[in-house]
1. For the structure I just gave you, tell me whether residue 195 is within 20 Å of the chain's Cα centre (by Cα) and either not in a loop (DSSP other than H, G, I, E, B) or not assigned by TED's automatic domain parsing to the domain that holds residue 215 (or both).
2. Examine the stretch 49-60 for a residue that is closer than 24 Å to residue 184 by Cβ, under 17 Å from the mean Cα position of the chain (by Cα) and loosely packed, with under 12 Cβ neighbours inside 10 Å, and state whether such a residue exists.
3. Within the stretch 140-177, which residues are assigned to a strand (DSSP E or B), crowded, with 16+ Cβ neighbours inside 10 Å and over 18 Å from the mean Cα position of the chain (by Cα)?
4. Under the condition of being assigned to a loop (DSSP other than H, G, I, E, B) and at pLDDT 90 or above, which residue from the stretch 115-139 is nearest to residue 49 (Cα to Cα)?
5. Just to check your reading of the model, which residue among 193, 88, 81 is touching a residue at least 60 places away in the same chain (Cβ under 8 Å) and touching a helix residue (DSSP H, G or I) at 6+ places or on another chain (Cβ under 7 Å)?
6. May I ask you to say which residue of 119, 24 is closer than 30 Å to residue 179 by Cβ, without any contact (Cβ under 8 Å) to a residue 60 or more places away in the chain and surrounded by 13 or more Cβ atoms within 10 Å (Cβ to Cβ)?
7. Under 9 Å between Cβ atoms, which residue pairs at least 6 apart in sequence (or on different chains) link something in the stretch 38-58 that is under 15 Å from residue 122 (Cβ atoms) and in the same structural domain as residue 117 (by TED's automatic domain parsing) with a partner that is at pLDDT below 95 and surrounded by 14 or more Cβ atoms within 10 Å (Cβ to Cβ)?
8. Check off (1) assigned by TED's automatic domain parsing to the domain that holds residue 45; (2) surrounded by 14 or more Cβ atoms within 10 Å (Cβ to Cβ); (3) out of contact with any helix residue (DSSP H, G or I) (no Cβ under 7 Å at 6 or more places or on another chain) for residue 137 and give me the number that stays unchecked.
């Protein structure tokens with residue numbers, strides 16, 4: 001068992017809480033379950049978590065046999081969930097589903113994190129809907145943000161998608177204009193993508209084919225509120 005301070009009870013709920021209720025730990029597990037294995041990638045998914053606390057939490061998860069920590073030749077470590085850690089997947093997924101169904105309408109401006117949003121969008125892009133024989137570039141222009149945060153580029157090539165924080169210098173195939181609030185609301189299922197586009201809350205600029213494909217490769221959060229999506233689709 002890890003060195004985390006416990007509750008002094010043999011109850012399995014108490015012993016599980018000893019690990020899972022430590023600040024940031026469920027979010028670190030979310031990132032690991034989504035495929036992040038390098039420290040730098042974990043930081044991108046948790047931009048507001050300090051490097052020192054992330055290191056401490058990873059050590060605690062390693063001590064608890066939830067992850068393995070292996071040095072890599074290029075420096076640093078690679079983190080992988082153990083079989084024990086993988087069994088936490090349904091717990092983290094249910095936390096996300098419950099939160100999407102009950103808490104998303106209470107989001108504050110500060111909680112709409114553009115860094116997390118685009119990191120999440122990058123890893124759910126359905127590249128099978130994009131021509132994999134050529135590079136495809138989508139540029140997002142998010143209104144209301146500072147210039148350093150306003151522009152993001154998704155570059156898909158050979159079935160992989162990279163997130164760029166600076167202009168990569170490639171030809172842009174699709175421009176996406178929206179506010180941060182609209183993008184987050186669509187991403188988490190509080191508004192349908194069709195409604196946001198038809199209502200001009202999301203504007204697309206590019207060929208007719210690329211604009212049509214946007215609805216197919218832009219995949220929502222795995223935690224998107226499906227109940228709300230169904231209700232909105234019926235009403236719209």
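The values are calculated or read from the model by the stated rules, or taken from the named source; none is laboratory data. It should be emphasised that the depicted structure is a prediction, and the values quoted were computed from it without experimental measurement. When we count neighbours, we look across all protein chains shown, and the Cβ atoms used for this are built from the backbone with ideal geometry, even at glycine.
1. no
2. Taking every residue of the stretch 49-60 in turn, none turns out to be closer than 24 Å to residue 184 by Cβ, under 17 Å from the mean Cα position of the chain (by Cα) and loosely packed, with under 12 Cβ neighbours inside 10 Å.
3. Once the filter is applied, which keeps residues that are assigned to a strand (DSSP E or B), crowded, with 16+ Cβ neighbours inside 10 Å and over 18 Å from the mean Cα position of the chain (by Cα), the stretch 140-177 yields 157, 174, 175, 176, 177.
4. Among residues in the stretch 115-139 that are assigned to a loop (DSSP other than H, G, I, E, B) and at pLDDT 90 or above, the one nearest to residue 49 (Cα to Cα) is 125.
5. 88
6. 24
7. Pairs found: none.
8. (1)
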